[in-house]
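The values are calculated or read from the model by the stated rules, or taken from the named source; none is laboratory data. Nothing here was measured: the structure is a model prediction, and the numbers come from that model. Cβ coordinates were reconstructed from backbone atoms using ideal geometry, including for glycine residues, and neighbour counts include every protein chain displayed.
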Amino acid sequence: MHITEVKVHEVPMAFSWLSEGLIANPMSIYPAYRKKRSSWFGPMTAAVIEIVTDAGVRGLGTVGGGKGKLAQTVVEEQLKTLLVGSNPFDIELLWEQMFRASQFYGRKGAVINVISGIDIALWDLLGRALEQPVYNLLGGKTKEKIPAYVTGNLTERHQAMGFRDVKLAVPHGPADGREGLRKNIELIARTRELIGPDGDIMLDCYMALDVPYTVQLAKAAREFNVLWIEEPVPPDQIDSYRQIKDAVPDMLISGGEHEFTRYGFRDLIEKKAVDILQPDIYRAGGISELKKIAAMASAHNRPVIPHGVGAATYHFVISTNNAPRAEFVDIYAQGGRPVLKGEPEPKDGFIELSAAPGFGYELDDEILSGKASAALIW
């Protein structure tokens, strides 16, 4: 069996609370871009890589980063040449060749997003060819079902969906001063009152804060038993992560959503910058790279709780010992649906996976034709 074609399916993503709500972000320091993310990020597109073989077996994988329009260029200009004619079972070899060949303009960002989608598609193809779910190819289940927390500030809605543990998208950052900090704490307090003493609360800061503000927030959040503070500063500021950890050692700090490959996570681990690693499978290098990241993390007694939703993420989590739980981002609150049909859905705070071959999903013709809207995947 060999690869005969590599297709890129591109679809626009609908706006949601993620794009239109007031959420702290790296551009919040500029008044013109503070109120909503859509004011600065431009059109968001999803891309699905489809790999076709001469045996009629195909695989599908989603590209991360929200700029799927770039995938077509990267695939057509270079990566397609490395894939067509190759054995799709040679996943390790193909990953390394794509990474080495694109280093002069890649290494991180959009190119690794595309390699991630290709890698996921290859694992899906392998599962379909062997008639096995991908989690079996990764070593089998380490848990029968996955505990899941939900990301979003619509706590009443999330309770009705059966979630107990919630991660709040922090609305305000340093540019909003003391009043913004007070409003953040009020949101945390209200959430604790809603979910009670036993549920977990986490804070997603999306690279929007600085060291002094994060320390203030962490100290104020202690009263409400916040479990972790996520990605408080930009990913390149590893020393800032260390300063935060040293200042508030009793608060867990997480990060990695915007880091790439084993090399970026090696630095986070060796510098002890975060307590919890959060690679995004659609950005950091796909299944193949997350396996390596998890192995490094295990050797340093660090849990891996991936950022993001979807079958690829959940197959990784269920087959990985040091991946104790998964995230469900409520990207469907304002409508829209997954780019791929058959994505797993949480029930009562847990995610269960079927034994369908590959990742168990398919292309959604209505999404591809524009008859239905794809939910915004951040």
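The rows are residues; the columns are (1) among the hydroxyl-bearing types (Ser, Thr, Tyr); (2) over 23 Å from the mean Cα position of the chain (by Cα); (3) over 16 Å from residue 330 (Cβ atoms); (4) surrounded by 15 or more Cβ atoms within 10 Å (Cβ to Cβ).
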| position | (1), (2), (3), (4) |
| --- | --- |
| 153 | no, no, no, yes |
| 163 | no, no, no, yes |
| 178 | no, yes, yes, no |
| 182 | no, yes, yes, no |
| 191 | yes, yes, no, yes |
| 199 | no, no, no, yes |
| 206 | yes, no, no, yes |
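The set of residues in region 262-287 being at negative phi and under 15 Å from the mean Cα position of the chain (by Cα) consists of 265, 276, 277, 278, 279, 280, 281, 282, 283, 284, 287. Provide a single number: the residues in region 163-178 that are closer than 11 Å to residue 201 by Cβ and of a type in the set (D, E, K, R). Looking only at that region, the number is 3. Those helices (runs of 4 or more DSSP H) of region 68-116 in which at least 2 residues are in contact with a Ser or Thr (Cβ under 7 Å, 6 or more places away or on another chain) and surrounded by fewer than 22 Cβ atoms within 10 Å (Cβ to Cβ), considering only elements entirely within it, cover 91-101. The residues of region 318-347 that are assigned to a strand (DSSP E or B) and either small (Gly, Ala, Ser) or buried (at least 19 other Cβ atoms within 10 Å of the Cβ) (or both), listed by number, are 326, 327, 328, 329, 340.
Tallying residues that are without any contact (Cβ under 8 Å) to a residue 40 or more places away in the chain and surrounded by fewer than 22 Cβ atoms within 10 Å (Cβ to Cβ) within region 274-317 yields 9. For region 51-63, check the following and say yes or no: at least one residue is in contact with a Phe, Trp or Tyr (Cβ under 7 Å, 6 or more places away or on another chain), crowded, with 18+ Cβ neighbours inside 10 Å and aliphatic (A, V, I, L, M). The answer is yes; a qualifying residue exists.
Does residue 215 satisfy being crowded, with 16+ Cβ neighbours inside 10 Å and more than 23 Å from residue 260 (Cβ to Cβ)? Judged against the criteria, residue 215 is a match.
Would you say residue 6 is among the hydrophobic types (A, V, I, L, M, F, W, C), in contact with an Asp or Glu (Cβ under 8 Å, 6 or more places away or on another chain), modelled with pLDDT of 95 or more and surrounded by fewer than 19 Cβ atoms within 10 Å (Cβ to Cβ)? No; evaluated as a whole, the condition is false for this residue. Of 149, 135, all but one fail to be under 25 Å from residue 375 (Cα atoms), crowded, with 22+ Cβ neighbours inside 10 Å and not hydrophobic (A, V, I, L, M, F, W, C); the exception is 149.
Contact map, region 337-365: residues that are farther than 23 Å from residue 195 by Cβ paired with residues that are among the polar types (S, T, N, Q), Cβ distance under 6 Å, separation 6+ or inter-chain. Pairs shown: 360/354.
Residues checked against (1) of a type outside the set (Lys, Arg); (2) in contact with a Gly (Cβ under 6 Å, 6 or more places away or on another chain); (3) farther than 27 Å from residue 91 by Cβ:
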{"residue": "246", "(1), (2), (3)": "yes, no, yes"}
{"residue": "251", "(1), (2), (3)": "yes, no, yes"}
{"residue": "257", "(1), (2), (3)": "yes, no, no"}
{"residue": "262", "(1), (2), (3)": "no, no, no"}
{"residue": "271", "(1), (2), (3)": "no, no, yes"}
{"residue": "288", "(1), (2), (3)": "yes, no, no"}
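Of all residues being touching a helix residue (DSSP H, G or I) at 6+ places or on another chain (Cβ under 8 Å) and among the aliphatic types (A, V, I, L, M) in region 357-378, which is nearest to residue 44 (Cα to Cα)? Just the residue, please. Ranking the qualifying residues of region 357-378, first place goes to 376.
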